[in-house]
């Protein structure tokens, strides 16, 4: 088993992390070859596609635990209560149809940890394989939060605490935080399994990945983590996602969001890579368009609202919404 990561610092930044490497296959594989390889891989890892996704909750792989321990942390397995289990089952039921279909074949298991520093970790267990399988590990604390509570905590984590009178919050409704995080991480699994934005030479039974990559990234990304020059302004480059995990002074928040309104990113985190861009975009689109929830960023000064911004209503952001239909169309 292999887990792709950059440094221990990556684990410490307290945000969802993607551990998907490009899957490059030499030569051309036939659908029969891939089908046979699928059977071999699933047998090797004990992945039973007929097993319900909610029945795949279990222990965190030792390799994942060791990554945290190597970074000086001591996470422990969290056993779900009945109430926790209800939230997880509900979250799985609310995923887009393509996610459910792909996870059936590629999701080995999910687990929850206490004392985990980041919100979630998606790990590729066989990153060099043309048929990857994944695990997702969640920080158990999110089971106690609704989505607005968690998103507000996460957004405030981008800024220095240099002005206590200023507060940034996000209103995304009162659904469970686990739904947002699961949807984001599950999008990484779909992305990695189908190589939606990657460099794989041979594609599977889905025939629209090339168009999705071209239309989603064109004019925005020149490579996986390289922004188009016209989008890489000073504020963007100074964020913790582009400049070594640095925090920004909170007095710049309004300027940051006013600048963001002119760019195609649905969140600040989306600027970290085209994989995170896709995961954030699909997740927030699903919340606002399919689940009819709000997604509104507000800045208050001493409790008085001084600025608000709804990314999905920005013309610079919303033009990519039709591309998300890919995740809802029937594809056998």
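Looking only at residues in region 235-251 that are touching a residue at least 24 places away in the same chain (Cβ under 8 Å) and in a helix (DSSP H, G or I), the one that is surrounded by the most Cβ atoms within 10 Å (Cβ to Cβ) is 250. Within the bounds of region 106-118, is there any residue that is assigned to a strand (DSSP E or B), closer than 25 Å to residue 324 by Cβ and in contact (Cβ under 8 Å) with a residue 12 or more places away in the chain? There is at least one residue in region 106-118 that is assigned to a strand (DSSP E or B), closer than 25 Å to residue 324 by Cβ and in contact (Cβ under 8 Å) with a residue 12 or more places away in the chain. Quick check: anything in region 258-271 within 22 Å of the chain's Cα centre (by Cα), part of a strand (DSSP E or B) and surrounded by fewer than 20 Cβ atoms within 10 Å (Cβ to Cβ)? No; the residues of region 258-271 include none that is within 22 Å of the chain's Cα centre (by Cα), part of a strand (DSSP E or B) and surrounded by fewer than 20 Cβ atoms within 10 Å (Cβ to Cβ). Being modelled with pLDDT under 95, on the phi < 0 side of the Ramachandran plot and part of a loop (DSSP other than H, G, I, E, B) is a condition met by at least one residue of region 208-219. Among the residues of region 276-332, the ones that are within 18 Å of residue 193 (Cβ to Cβ) and in a loop (DSSP other than H, G, I, E, B) come to 5 in all.
Taking the conditions (1) more than 24 Å from residue 181 (Cα to Cα); (2) modelled with pLDDT of 95 or more in turn, residue 289 satisfies each one other than (1). Take the residues of region 159-206 that are touching a strand residue (DSSP E or B) at 6+ places or on another chain (Cβ under 9 Å), at pLDDT below 95 and under 22 Å from residue 299 (Cβ atoms): which is surrounded by the most Cβ atoms within 10 Å (Cβ to Cβ)? Once the filter is applied, the top-ranked residue is 159. Six or more apart or on different chains, Cβ under 9 Å: which pairs go from a residue in region 28-45 that's farther than 17 Å from residue 125 by Cα to one that's at pLDDT 85 or above and surrounded by 16 or more Cβ atoms within 10 Å (Cβ to Cβ)? Could you list them? Once the first residue is farther than 17 Å from residue 125 by Cα and sits in region 28-45, its partners that are at pLDDT 85 or above and surrounded by 16 or more Cβ atoms within 10 Å (Cβ to Cβ) give 29/130; 33/130; 34/130; 34/131. Residues that are more than 16 Å from the chain's Cα centre (by Cα), assigned to a loop (DSSP other than H, G, I, E, B), modelled with pLDDT under 95 and buried (at least 16 other Cβ atoms within 10 Å of the Cβ): does region 136-150 have at least one? No - not one qualifying residue is present in region 136-150. If you go through region 50-92 and keep only what is loosely packed, with under 15 Cβ neighbours inside 10 Å, within 23 Å of the chain's Cα centre (by Cα) and within 23 Å of residue 132 (Cα to Cα), you end up with 52, 54, 55, 58, 59, 62, 63, 66. Only one of the numbered conditions (1) surrounded by 12 or more Cβ atoms within 10 Å (Cβ to Cβ); (2) modelled with pLDDT under 95; (3) assigned to a helix (DSSP H, G or I) is not met by residue 44, and that is (2). Within region 285-332, restricting attention to residues that are free of Cβ contacts under 8 Å to residues at least 40 places away in the same chain and buried (at least 20 other Cβ atoms within 10 Å of the Cβ), the residue that is nearest to the chain's Cα centre (by Cα) is 285.
The values are calculated or read from the model by the stated rules, or taken from the named source; none is laboratory data. No experiment lies behind these values; they were computed from the predicted model shown. Positions of Cβ are backbone-derived with ideal geometry, glycine not excepted, and every protein chain shown enters the neighbour counts.
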